1. Looking at R65, R103 in this structure, which one is closer than 22 Å to N125 by Cα, outside any strand (DSSP E or B) and at pLDDT 85 or above?
2. Here is a list: S135, S154. Which entry is at positive phi, assigned by TED's automatic domain parsing to the domain that holds K81, exposed (fewer than 11 other Cβ atoms within 10 Å of the Cβ) and modelled with pLDDT of 85 or more?
3. Looking at (1) out of contact with any strand residue (DSSP E or B) (no Cβ under 7 Å at 6 or more places or on another chain); (2) modelled with pLDDT under 90, find the lone condition where I119 falls short.
4. In this structure, is V79 outside any helix (DSSP H, G or I) and under 26 Å from the mean Cα position of the chain (by Cα)?
5. Please pick out the residue among I147, I95, I127 that is out of contact with any Cys (no Cβ under 9 Å at 6 or more places or on another chain), in the same structural domain as L78 (by TED's automatic domain parsing), at pLDDT below 85 and of a type in the set (V, I, T).
6. Residue check: is L164 in contact (Cβ under 8 Å) with a residue 12 or more places away in the chain and either more than 30 Å from L67 (Cβ to Cβ) or in contact with a Lys or Arg (Cβ under 7 Å, 6 or more places away or on another chain) (or both)?
7. Identify all residues within the stretch 133-149 that are within 20 Å of Y70 (Cβ to Cβ) and not hydrophobic (A, V, I, L, M, F, W, C); write none if there are none.
Amino acid sequence: FHLIWSQSLSLLFADSVIYLVITLLTKRFQTFVPLLAMFAAQCVFTGIWGMASTACYLRAYPPRRVLMVYGDRPNLGLVRKFHSREDRYIICETIHISEGMERIAERIREYEGVVIGDIPTPSRNRILKYCYERSVRTYTSPKISDILIRSAESQHLFDTPILLSRNSGLTFEQRVVKRAVDIVFSLAALVLLSPLMAVTALAVKLEDGGPA
């Protein structure tokens, strides 16, 4: 539906431009009937093509059947987002982390992927390792620590790899450049807008005499 709707809007815009060009070339307004007939035919063709291409895509790439593992706080927002992409994912079952790893592992074997919600880190790590060993896809909602580690700098302490995470802010050179850019753009805007501000001030003065 979204594909057909977007294509129809594009066709409407393109046909409107064509009508405007024809009007300018002929120097008179044309009847809308041929344009509306062409637009209707285009919409019909677009609808048929969109449904056929969507059916072929779903046949070649069917949506993945996934299991969702959730904790004490259900990820309703995440569930809604997955449901909005039913062309790619279908959450067939949900299971609470309290049911234990053995039960969760048993259910994981029935699906093509696992959505990991807001669950304790040790439990999440066990599920990730289990799925990785069996080539099962996992979709994880990241925690703040995951985001920090993702942007960490890799270092080595002899033969031991370590990750460096820090919030250093802007360097001295970056602060100097930022300040210089702020000043240059402020002065340029002041010069460009000064005539407008002068005209505005003059108009206010002529209208009500300005401040008492």
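The values are calculated or read from the model by the stated rules, or taken from the named source; none is laboratory data. No experiment lies behind these values; they were computed from the predicted model shown. Glycine also receives a Cβ, built like all others from the backbone with ideal geometry; neighbour counts cover every protein chain displayed.
1. Working: R65 fails: outside any strand (DSSP E or B).
Every option except R103 fails the conditions.
2. Numbers: S154 fails: at positive phi.
The unique qualifying residue is S135.
3. The single condition I119 does not satisfy is (1).
4. On the way: outside any helix (DSSP H, G or I): no; under 26 Å from the mean Cα position of the chain (by Cα): yes.
Taking the combined requirement at face value, the residue does not satisfy it.
5. Values: I95 fails: at pLDDT below 85; I127 fails: at pLDDT below 85.
Step by step, each of I147, I95, I127 is checked, and only I147 is out of contact with any Cys (no Cβ under 9 Å at 6 or more places or on another chain), in the same structural domain as L78 (by TED's automatic domain parsing), at pLDDT below 85 and of a type in the set (V, I, T).
6. On the way: in contact (Cβ under 8 Å) with a residue 12 or more places away in the chain: yes; either more than 30 Å from L67 (Cβ to Cβ) or in contact with a Lys or Arg (Cβ under 7 Å, 6 or more places away or on another chain) (or both): yes.
Answer is yes for this residue.
7. Residues of the stretch 133-149 that are within 20 Å of Y70 (Cβ to Cβ), as a first pass: 136-146.
The answer is R137, T138, Y139, T140, S141, P142, K143, S145, D146.
This table checks each residue for (1) touching a strand residue (DSSP E or B) at 6+ places or on another chain (Cβ under 9 Å); (2) closer than 28 Å to S165 by Cβ; (3) free of Cβ contacts under 8 Å to residues at least 40 places away in the same chain; (4) loosely packed, with under 10 Cβ neighbours inside 10 Å.
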| residue | (1), (2), (3), (4) |
| --- | --- |
| A52 | no, no, yes, no |
| R65 | yes, no, no, no |
| H83 | yes, no, yes, no |
| R88 | yes, no, yes, no |
| I108 | yes, no, no, no |
| R124 | yes, yes, yes, no |
| Y139 | yes, yes, no, no |
| I144 | no, yes, yes, yes |
